[in-house]
Amino acid sequence: MKHFGGPAVFIDRDDINTDEIIPARYLTEITKKALQPHLLEDLHLEDQTFDPHSPQMEQARSLVTRSNFGCGSSREHAVWALEVNDINLVIGQSFARIFRQNMFNCGILAVELAPADLDALFALEGEVSIEVDLGQERITATPAGGQAVNCSFTLNPFDKQLVEAGGWLSYADQNY
Amino acid sequence: MGQTITEKIFAAHRRDTPTPGNMILDLDVIMCHEITTPIAIMDLVEKGMDRVCDPSKIKAVIDHVTPAKDSKTATQAKIMRDWAARHQIKDFFDIGRNGVCHALFPEKGFIRPGYTVIMGDSHTCTHGAFGAFAAGVGTTDLEVGILKGVCAFRTPQSLKVELKGSLRQGVVAKDIILAIIRELTVNGATDMVIEFGGPVVEAMNMASRMTLCNMAVEAGATSGVCLPDETTARYLWPFIQDDYPTLEAAVSDFAKWHSDPDAEYARTLTLDVSELLPQVTFGYRPDNVKAITELAGSRIDQVYIGSCTNGRIEDIREAAAILDGRMVAPGVRGILTPATPAIYSQALEEGLIKIFMDSGFCVLNPTCGACLGMSSGVLAEGEVCASTTNRNFNGRMGKGGMVHLMSPASAAAAAVTGVITDPRELLS
Ligand code: SF4
């Protein structure tokens, strides 16, 4: 199976919508690869500037955010924009339904954590790398030179099957 | 224990239950537009799976950017067009006959009570107004829908919104749904279907019910739904008259989908609409909602009347009532986009287009256009639009632009005064 996670980028905001993840002006693209430079291009953070092309973003293999991530438009382009930037794990308190389903449909992970666990992740300092043990439903977040934090999560059993099958298209093709 | 309408529709369409709490549903209608479908088509072609489960279940339209604005959008349209021809998709709507999907498909009678409907578009929830389960999905779900005629859902809970009282003059369905979203917040209905009921909904026409259901997703809901009744049957009558001996027979058949009195709801929200004022959004979240009186006087640059939320004939009439004999304020750009060709023709026939044009509005062909900031009225940095659409996200109508969501009457009032205005001040 696929390897999930790696260096993390932290975005401390609720309700990040899919227009922010990938603006509509790029919806005219007909290849996923073309979305690559535009991930989170319109992200608006109140008290800090966000640079979608920072070295942290370039290195990121996982994304940690707050609640209701991926709300708004159904565009799967938001998931593809993550995928083509090699991000296959998003961790948050909650997700919008369509975005969450799009992640699992593509065979990648949207992991929901309890608020206290999420706070513990946000409290980590320096560069953090996150690994997933899908079988144990556990993540391990390790800050460079610091103490690792472990958190457990629960995956919807069907979503887990989708990830194991490599996404909904191959699952459906085998079963229906 | 009784069942909700959604539980009844799920039970009637169950293909499989892969794990408890997840169901694979057989689909009645799979709707496609040119933004989310071409990548699905290309992917199926690439995988050697370029098939459709049943061409008669597929309804396709080019609506988001039409006529094409550049080579890329022209290519998207061409992929759709070629695919529709290749698979003999009869219900394909191209230039001259195309309009905003969630206004066009109901008008064609494609959606019936008890149906299951998906589309690669988050506002697919609009069609719940007909007593269907209609949900927005991503491209992979759409792909599987096209190929296999099925879609997977977590069995949603239902949230009941009971609307009582009587609306003041100048207060409409858009104001109600904005007030509901403020109450529920942007994720208050995640993984739930919002069932709209009560005397106010029973008295509403289909256009208003569609406006309510359209914005259910703005509260995170999987869909919105209204119980199908005589109003539904009358709207659908031209399409169902061969299926039922009488209108009454259709109405009583539709009633089989009604939620049972002892059905269970995750939450019930009761709202008396009698005191409700016209509403407006501020900021960049659809649950940032205030009474319009609190924002009155704020400057706008553009007014946009259209979209799947409020681009129907009823909406155009409401706006025209304000614009009649008045002019768009200097420095303000007014844009009207009737949602479908039939609506456009009707508005012409009723003299409404003339009212808009005389007031200084620009009248566009049916398209999504500026609603999602892709064409036909994109905002510049720092500009503000009074809009009848459904999303006020930062940059939605153009990078750095801001959108205030409101009713058609409120938008028309803003056009005339150049600032956010309580439309009741301009109603005679
Ligand atoms: S009018 Fe706007 S919200 Fe409706 S389908 Fe078109 S882009 Fe989406």
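What the table below lists for this structure:
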quantity: Unique match (being away from chain B (no Cβ under 14 Å) and not β-branched (Val, Ile, Thr)) among A:Glu137, A:Glu164; calculated: A:Glu137
quantity: Among the candidates A:Leu45, A:Leu63, residue that is within 11 Å of chain B (Cβ to nearest Cβ) and among the aliphatic types (A, V, I, L, M); calculated: A:Leu45
quantity: The range B:337-380, residues that are away from the ligand (no atom under 15 Å from the Cβ), among the polar types (S, T, N, Q) and buried (at least 19 other Cβ atoms within 10 Å of the Cβ); calculated: B:Ser359
quantity: Residue among B:Leu405, B:Leu323 that is at pLDDT 95 or above, buried (at least 24 other Cβ atoms within 10 Å of the Cβ), over 25 Å from B:Ala68 (Cβ atoms) and within 12 Å of the ligand (Cβ to nearest atom); calculated: B:Leu405
quantity: Unmet requirement for B:Phe105, which otherwise passes all of (1) within 14 Å of chain A (Cβ to nearest Cβ); (2) part of a helix (DSSP H, G or I); calculated: (1)
quantity: Residues of the range B:99-114 classified as more than 18 Å from B:Pro55 (Cβ to Cβ) and away from the ligand (no atom under 16 Å from the Cβ), total; calculated: 3
quantity: Tabulated pairs, the range B:135-149, first more than 8 Å from every other protein chain (Cβ to nearest Cβ), second assigned to a helix (DSSP H, G or I) and of a type in the set (A, V, I, L, M), C-beta under 8 angstrom, 6+ apart or interchain; calculated: B:Leu142/B:Ala40; B:Ile146/B:Ala40; B:Ile146/B:Leu44
quantity: Boolean, B:Gly96 is over 26 Å from B:Gly188 (Cβ atoms), over 12 Å from the mean Cα position of the chain (by Cα), more than 15 Å from the ligand (Cβ to nearest atom) and among the small types (Gly, Ala, Ser); calculated: yes
quantity: Only one of B:Thr116, B:Thr75 that is in contact with a helix residue (DSSP H, G or I) (Cβ under 9 Å, 6 or more places away or on another chain), among the polar types (S, T, N, Q) and surrounded by fewer than 20 Cβ atoms within 10 Å (Cβ to Cβ); calculated: B:Thr75
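Rundown of residues vs (1) surrounded by 15 or more Cβ atoms within 10 Å (Cβ to Cβ); (2) in a loop (DSSP other than H, G, I, E, B); (3) assigned by TED's automatic domain parsing to the domain that holds B:Ser158; (4) in contact with a Phe, Trp or Tyr (Cβ under 8 Å, 6 or more places away or on another chain), yes/no style:
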{"position": "B:Pro18", "(1), (2), (3), (4)": "yes, no, yes, yes"}
{"position": "B:Met23", "(1), (2), (3), (4)": "yes, no, yes, yes"}
{"position": "B:Met31", "(1), (2), (3), (4)": "yes, no, yes, yes"}
{"position": "B:Met42", "(1), (2), (3), (4)": "yes, no, yes, no"}
{"position": "B:Gly48", "(1), (2), (3), (4)": "no, yes, yes, no"}
{"position": "B:Cys53", "(1), (2), (3), (4)": "yes, yes, yes, no"}
{"position": "B:Ser56", "(1), (2), (3), (4)": "no, no, yes, no"}
{"position": "B:Lys59", "(1), (2), (3), (4)": "yes, no, yes, yes"}
{"position": "B:Thr66", "(1), (2), (3), (4)": "yes, yes, yes, no"}
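The values are calculated or read from the model by the stated rules, or taken from the named source; none is laboratory data. On a predicted model such as this, the values are computed, not experimentally measured, just so you know. Cβ coordinates were reconstructed from backbone atoms using ideal geometry, including for glycine residues, and neighbour counts include every protein chain displayed.
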